[in-house]
1. Which of the residues that make up the stretch 128-175 are within 15 Å of Arg15 (Cβ to Cβ) and modelled with pLDDT of 95 or more?
2. Quick one: which of Tyr46, Tyr16, Tyr105 is away from the ligand (no atom under 11 Å from the Cβ) and either open to solvent by less than 50 Å² (accessible area, probe 1.4 Å) or at negative phi (or both)?
3. Provide a single number: the residues in the stretch 125-163 that are among the hydroxyl-bearing types (Ser, Thr, Tyr) and open to solvent by 60 Å² or more (accessible area, probe 1.4 Å).
4. May I ask you to list pairs of residues, at least six apart or on different chains, whose Cβ atoms are under 8 Å apart, with the first in the stretch 128-139 being in a helix (DSSP H, G or I) and the second being near the ligand (Cβ under 6 Å from one of its atoms)?
5. What is the number of the single condition among (1) within 15 Å of the ligand (Cβ to nearest atom); (2) surrounded by fewer than 19 Cβ atoms within 10 Å (Cβ to Cβ); (3) part of a helix (DSSP H, G or I) that Glu167 does not meet?
6. Considering only residues of the stretch 51-70 that are free of Cβ contacts under 8 Å to residues at least 60 places away in the same chain and within 7 Å of the ligand (Cβ to nearest atom), which is least open to solvent (accessible area, probe 1.4 Å)?
7. Restrict the check to the stretch 83-98 and report whether at least one residue is touching a His at 6+ places or on another chain (Cβ under 7 Å) and near the ligand (Cβ under 10 Å from one of its atoms).
8. Say whether the condition of being closer than 19 Å to Thr19 by Cβ and touching a His at 6+ places or on another chain (Cβ under 9 Å) is met by at least one residue in the stretch 105-115.
Amino acid sequence: MVICLNETLIVYGTRYGATPEACAVIQKILEKEYKILVEIWDLENYRACPDLEEFDNIILASGIEHGKWTKNTRKFLTKDLKDKNVAVFISSSFAGEEELYDHAYKNFLEDVLVEYPEVNIVAKAAFGGRVPKKELPNIAKNAIVARLPEFQEDNRNWDKITEWAHEVGKIFTIK
Ligand SMILES: Cc1cc2nc3c(=O)[nH]c(=O)nc-3n(C[C@H](O)[C@H](O)[C@H](O)COP(=O)(O)O)c2cc1C
């Protein structure tokens, strides 16, 4: 019998499906290795969100398009989250390229979170992403991407995602 110690809410916003795949990997690790019960929620497709009262620990994740989070993930940051442990990650193709990682981390993660000083951020990460094949020509036109010798359509690093899940699992289970 699995005894679940506490509950975590994962909320995400996606446009092309890459972000929830990372959420699913993180969910599995939290459940299996840390005995955390995880509820997972798509913020763009469900209007209502579960009652936050039930959760001390939250993971918020957004895909990045043209430098922007999804609408509802940004909106989620305006909730009263000062008494929660909030871990945040973004799925960004720029973050998956060595040359663009710092740019992505600063512009798409740090600069966004600084706007919400009330939110108790306990961990943050910028992961690579996956561009759907039919969208590749669009992103290739981007001035920064055009300078890269080789742009990979899927540059997610699953080891990095796994490592971060463990970091978050440890933070969420500290008594
Ligand atoms: C039209 C378009 C614009 C994009 N713009 C950016 C961008 O400005 N910066 C970036 O890091 N990635 C950009 N990406 C790549 C996405 O961040 C990547 O596909 C991500 O994994 C999407 O997450 P999602 O599938 O959960 O929406 C773009 C992708 C598309 C298709």
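The values are calculated or read from the model by the stated rules, or taken from the named source; none is laboratory data. All figures in this text were calculated on a predicted structure; none of them were measured in a lab. Neighbour counts run over all protein chains shown; Cβ positions are idealised from the backbone, glycine included. The accessibility values were calculated without ligands, DNA or RNA, using every heavy atom of the protein model including side chains. Shrake-Rupley method; radii C 1.70, N 1.55, O 1.52, S 1.80 Å.
1. Listed by number, the residues that qualify are Gly129, Arg130.
2. Numbers: Tyr16 fails: away from the ligand (no atom under 11 Å from the Cβ); Tyr105 fails: away from the ligand (no atom under 11 Å from the Cβ).
Checking each option against the conditions leaves just Tyr46.
3. 0
4. Hits for this filter: Glu135/Tyr16; Ile139/Ser93; Ile139/Val131.
5. (1)
6. Among residues in the stretch 51-70 that are free of Cβ contacts under 8 Å to residues at least 60 places away in the same chain and within 7 Å of the ligand (Cβ to nearest atom), the one least open to solvent (accessible area, probe 1.4 Å) is Gly67.
7. Yes, the stretch 83-98 contains at least one residue that is touching a His at 6+ places or on another chain (Cβ under 7 Å) and near the ligand (Cβ under 10 Å from one of its atoms).
8. Looking for residues that are closer than 19 Å to Thr19 by Cβ and touching a His at 6+ places or on another chain (Cβ under 9 Å), one finds none in the stretch 105-115, hence no.
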